[in-house]
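The next block holds one structure in the form of structure tokens; read it before the comments.
The values are calculated or read from the model by the stated rules, or taken from the named source; none is laboratory data. Everything numeric in this text was worked out from a predicted model, so none of it was measured. In this analysis, Cβ positions are derived from the backbone assuming ideal geometry, glycine residues included, and neighbour counts consider all displayed protein chains.
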């Protein structure tokens with residue numbers, strides 16, 4: 001795997017917001033992660049709106065065109081995932097964060113239609 005295929009997680013990358021992490025594939029931002037304390041696990045879906053705001057915010061230092069497609073809300077025990085390209089997008093429980101290759105495939109697959 002080359003360095004340009006790696007998904008990077010960068011803390012506090014979003015301008016004017018406080019998303020915990022930004023996800024990059026091939027140097028472009030593709031997702032955001034909102035991390036919460038364990039106690040909020042039962043109410044994790046209440047932060048979906050917060051993740052959506054982050055996804056629509058401008059990132060610091062990014063000059064190229066980009067679109068944030070993915071959002072995660074997570075605690076140390078629970079992870080929810082949203083793909084904004086889904087026709088009826090909503091967060092879903094997943095067992096782990098997707099690998100860089102998986103996010104890249106999701107991006108490429110949607111471009112084939």
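So, residue 44, is that one in a loop (DSSP other than H, G, I, E, B) and modelled with pLDDT under 80 or not? Criteria not met by residue 44.
Of all residues in the range 56-66, those that are in contact with a strand residue (DSSP E or B) (Cβ under 6 Å, 6 or more places away or on another chain) and over 14 Å from residue 27 (Cα atoms) total 1.
Here's the yes/no breakdown for (1) farther than 21 Å from residue 110 by Cβ; (2) out of contact with any strand residue (DSSP E or B) (no Cβ under 9 Å at 6 or more places or on another chain); (3) free of Cβ contacts under 8 Å to residues at least 24 places away in the same chain; (4) in a loop (DSSP other than H, G, I, E, B):
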{"residue": "33", "(1), (2), (3), (4)": "no, no, no, no"}
{"residue": "54", "(1), (2), (3), (4)": "no, no, no, no"}
{"residue": "68", "(1), (2), (3), (4)": "no, no, no, yes"}
{"residue": "72", "(1), (2), (3), (4)": "no, no, no, no"}
{"residue": "80", "(1), (2), (3), (4)": "no, no, no, no"}
{"residue": "87", "(1), (2), (3), (4)": "no, yes, yes, yes"}
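For every residue, the table says whether it meets (1) surrounded by 11 or more Cβ atoms within 10 Å (Cβ to Cβ); (2) out of contact with any helix residue (DSSP H, G or I) (no Cβ under 8 Å at 6 or more places or on another chain); (3) modelled with pLDDT under 85; (4) on the phi > 0 side of the Ramachandran plot.
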residue	(1), (2), (3), (4)
2	no, yes, yes, no
48	yes, yes, yes, no
55	yes, yes, yes, no
91	yes, no, no, no
108	no, yes, no, no
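Note on the range 59-80: residues that are at pLDDT below 80 and surrounded by 12 or more Cβ atoms within 10 Å (Cβ to Cβ) amount to 3. When every residue of the range 16-28 is checked against the conditions, none turns out to be assigned to a strand (DSSP E or B) and modelled with pLDDT of 90 or more. Being farther than 24 Å from residue 26 by Cα and in a helix (DSSP H, G or I), is that true of even one residue in the range 91-109? Within the range 91-109 (the criterion being farther than 24 Å from residue 26 by Cα and in a helix (DSSP H, G or I)), the answer is no, since none of the residues qualifies.
In the set (1) modelled with pLDDT of 85 or more; (2) surrounded by 14 or more Cβ atoms within 10 Å (Cβ to Cβ); (3) touching a strand residue (DSSP E or B) at 6+ places or on another chain (Cβ under 7 Å), the condition left unmet by residue 96 is number (2).
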